[in-house]
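Have a look at the structure below before the remarks.
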Protein chains: 2
Amino acid sequence: MKFRRSERLIDMTHYLLQHPCQIVPLTLFADRYGAAKSSVSEDVAIIKETFEQRGFGTLKTIAGAAGGVQYFPSVSDEETEQFTHSLMNRLSEPDRLLPGGYLYMTDIVGDPKIVKVVGKLFAAKFVNEKVDVVMTVATKGIPLAYATASELNVPVVIVRRDSKVTEGSTVSINYVSGSMKRIQTMVLSKRSLQEGSNVLIIDDFMKAGGTINGMKSLLEEFNANVAGIGVLVEAEHPEERLVDHYYSVVKLSEVNIKEKQIKVTKGTL
Amino acid sequence: MKFRRSERLIDMTHYLLQHPCQIVPLTLFADRYGAAKSSVSEDVAIIKETFEQRGFGTLKTIAGAAGGVQYFPSVSDEETEQFTHSLMNRLSEPDRLLPGGYLYMTDIVGDPKIVKVVGKLFAAKFVNEKVDVVMTVATKGIPLAYATASELNVPVVIVRRDSKVTEGSTVSINYVSGSMKRIQTMVLSKRSLQEGSNVLIIDDFMKAGGTINGMKSLLEEFNANVAGIGVLVEAEHPEERLVDHYYSVVKLSEVNIKEKQIKVTKGTL
């Protein structure tokens, strides 16, 4: 069965988007289409040009006998700008304010349109770093962590608040939640993380950074390294923040409970 | 700026894959490429043919002035077969056995390669039903639920075991876990689910079906309807199952703790 160029381009685009960050040997495509490697190389060049022009990501071509192509996702500056602004608008809606000055964000982290873009934004920041695993703590950060892991083509591991029989042996630590100064517990299944792993920490919200700091302590127990930290929303925090280096998509810069006003600005991403 | 056909095909393929189940007006593409609607229609026909031949999904074209195209994801029979077999093999690994006959599955539900396919398999079963929301209960089902929701282009809502201040007002129910006969609690944020919603329930594991049944009771409190149920793994259960209609990807048909043997067969999908 022979494939026309148009079919090859559609199939390859689909394949590359489904396999981010993986080296795909050109021979795989050549076999798939019964095409010469030179034709496949030309196809790749066309896709590369279009992807990079449109800001979908970059295509890295690897020359030689073991040659192949690797797709690294990204989000165009224009889309990032539009996305950040619409997120800022949605988060500023006054009815998000909950008693105690908390913000209702469950709909945001449950919206695949938002989560997909956030996953790509974080992934794009770390495609050139060594990330073996994405980690988050239950519950609201999970979709974001999964979306990021999916774009980086690495597993996601989930830290829990309590141990469960289906997790096997676990490692547990206590930590001080930054803003509430309360002692809390975090648990991670022993076999879910290999020693020496490079771990990208993703969460939905960071105030003083106590929870993120807890995850960092947990990583120490596994002799694992922090490859990076990404949070969707960071809150302004008057006291010293416990975490230094991180990316945030947006920043909650002012919450006025009395006036029901929420001010959201751009984050550090 | 004019676009060549090859560029249009790559861009449209990307766009459609990023926007599953959404009606995309042909005028959007025509404007995007500065192309005639007739050229765009031809492009769509080529993509439709390739997608359907390769088993990526179907493209529905809507004629008329408000005409457009809608991509419904699916997984080819060949890929489904390969995927199910490799999942059966991975789940049969003897070292997954935990005390009490439980199975360690955390790595499976944390692997984006697996989760992505499962999401598509479930979505493909329900693209023609009315699904407004995908629901799961924390924690391990969340990546699967998110992946399914993402392919169906609907939000995901997460039921929790305890209420949290960041969820606002909640509705809570008690239910009897089927296999352990223990009374447990489930909580859902009030504003996360609209009355009358059609809800697809997704979970990682089902034994007697108590947890799924709990979610069904919770839906009654919201006057919401069950649009369907999908579980990754169902366990053989000697007693009466509490849930009748569901899809499962695989079935745990035998767990022999003494011999360390796990037998996994195909599910009902």
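Screening B:Gly100 with (1) away from chain A (no Cβ under 12 Å); (2) part of a helix (DSSP H, G or I); (3) open to solvent by 20 Å² or more (accessible area, probe 1.4 Å) gives one miss only, at (1). For segment B:201-222, state whether one or more residues are more than 29 Å from B:Tyr104 (Cβ to Cβ), in the same structural domain as B:Ile262 (by TED's automatic domain parsing) and of a type in the set (A, V, I, L, M, F, W, C). Yes: one or more hits.
Here A:Lys125 clears all of (1) at pLDDT 95 or above; (2) within 21 Å of A:Arg54 (Cα to Cα); (3) surrounded by fewer than 18 Cβ atoms within 10 Å (Cβ to Cβ); (4) more than 11 Å from the chain's Cα centre (by Cα) except the condition numbered (4). Kindly indicate whether any position in segment A:129-145 is buried (at least 24 other Cβ atoms within 10 Å of the Cβ) and away from every other protein chain (no Cβ under 13 Å). Checked against the condition, which is being buried (at least 24 other Cβ atoms within 10 Å of the Cβ) and away from every other protein chain (no Cβ under 13 Å), segment A:129-145 yields no hits at all.
In the set A:Met186, A:Met180, only one residue is among the aliphatic types (A, V, I, L, M) and in contact with a strand residue (DSSP E or B) (Cβ under 8 Å, 6 or more places away or on another chain); that residue is A:Met186.
Here's a check for you: in segment A:103-116, which residue that is without any contact (Cβ under 8 Å) to a residue 40 or more places away in the chain and in a loop (DSSP other than H, G, I, E, B) is surrounded by the most Cβ atoms within 10 Å (Cβ to Cβ)? If we take residues in segment A:103-116 being without any contact (Cβ under 8 Å) to a residue 40 or more places away in the chain and in a loop (DSSP other than H, G, I, E, B), then A:Gly110 is surrounded by the most Cβ atoms within 10 Å (Cβ to Cβ). Considered as a group, the residues in segment A:253-269 that are open to solvent by 100 Å² or more (accessible area, probe 1.4 Å) and free of Cβ contacts under 8 Å to residues at least 12 places away in the same chain include one that is nearest to A:Gln82 (Cα to Cα), and that residue is A:Glu259. If you check A:Arg8, A:Arg32 for being farther than 30 Å from B:Val187 by Cα, in contact with an Asp or Glu (Cβ under 6 Å, 6 or more places away or on another chain) and either open to solvent by 20 Å² or more (accessible area, probe 1.4 Å) or away from chain B (no Cβ under 11 Å) (or both), only one passes: A:Arg8.
What do you reckon, is B:Met186 open to solvent by 10 Å² or more (accessible area, probe 1.4 Å) and outside any helix (DSSP H, G or I)? So B:Met186 does not fit the description; no. Across segment A:70-88, what is the total count of residues that are within 14 Å of chain B (Cβ to nearest Cβ) and either among the polar types (S, T, N, Q) or assigned to a strand (DSSP E or B) (or both)? Qualifying residue count for the region: 4. Of everything in segment B:11-25 that is touching a residue at least 60 places away in the same chain (Cβ under 8 Å) and either closer than 15 Å to B:Phe56 by Cα or within 7 Å of another protein chain (Cβ to nearest Cβ) (or both), the residue that is least open to solvent (accessible area, probe 1.4 Å) is B:Pro20. Would you please name the residue that is farthest from the chain's Cα centre (by Cα), looking only at residues in segment A:206-238 that are over 21 Å from A:Thr139 (Cα atoms) and part of a strand (DSSP E or B)? This residue is A:Asn225. Would it be correct to say that B:Val249 is modelled with pLDDT of 95 or more, open to solvent by 50 Å² or more (accessible area, probe 1.4 Å), more than 14 Å from every other protein chain (Cβ to nearest Cβ) and touching a strand residue (DSSP E or B) at 6+ places or on another chain (Cβ under 9 Å)? Considered against the rule, which asks whether it is modelled with pLDDT of 95 or more, open to solvent by 50 Å² or more (accessible area, probe 1.4 Å), more than 14 Å from every other protein chain (Cβ to nearest Cβ) and touching a strand residue (DSSP E or B) at 6+ places or on another chain (Cβ under 9 Å), B:Val249 comes out as no. Among all positions in segment A:164-184, there is no residue which is within 26 Å of B:Val156 (Cα to Cα) and either under 20 Å from the mean Cα position of the chain (by Cα) or modelled with pLDDT of 95 or more (or both). Within segment B:54-71, the residues that satisfy the criterion of being within 25 Å of the chain's Cα centre (by Cα), over 16 Å from B:Glu42 (Cβ atoms) and open to solvent by 50 Å² or more (accessible area, probe 1.4 Å) are B:Arg54, B:Thr58, B:Lys60. Report yes if some residue within segment B:207-221 is more than 25 Å from B:Val250 (Cβ to Cβ) and touching a helix residue (DSSP H, G or I) at 6+ places or on another chain (Cβ under 7 Å); otherwise report no. So far as segment B:207-221 goes, no, none of its residues is more than 25 Å from B:Val250 (Cβ to Cβ) and touching a helix residue (DSSP H, G or I) at 6+ places or on another chain (Cβ under 7 Å). For segment A:154-167, a residue qualifies if it is buried (at least 20 other Cβ atoms within 10 Å of the Cβ), facing another protein chain (nearest Cβ under 7 Å) and not charged (D, E, K, R), and the qualifying residues are A:Pro155, A:Val156, A:Val157, A:Ile158. A search for C-beta distances below 6 Å between a residue of segment B:142-158 that is under 17 Å from A:Lys140 (Cα atoms) and any residue that is open to solvent by 10 Å² or more (accessible area, probe 1.4 Å) and among the small types (Gly, Ala, Ser), counting only pairs 6+ apart in sequence or on different chains, returns B:Val157/B:Ser192; B:Ile158/B:Ala138.
The values are calculated or read from the model by the stated rules, or taken from the named source; none is laboratory data. Note that the coordinates shown come from a computational prediction; the quantities given were computed from them, not determined experimentally. All Cβ positions, glycine included, derive from the backbone under ideal geometry; neighbour counts span all protein chains shown. Heavy atoms of the whole protein, side chains included, go into the accessibility calculation; ligands, DNA and RNA do not. Shrake-Rupley method; radii C 1.70, N 1.55, O 1.52, S 1.80 Å.
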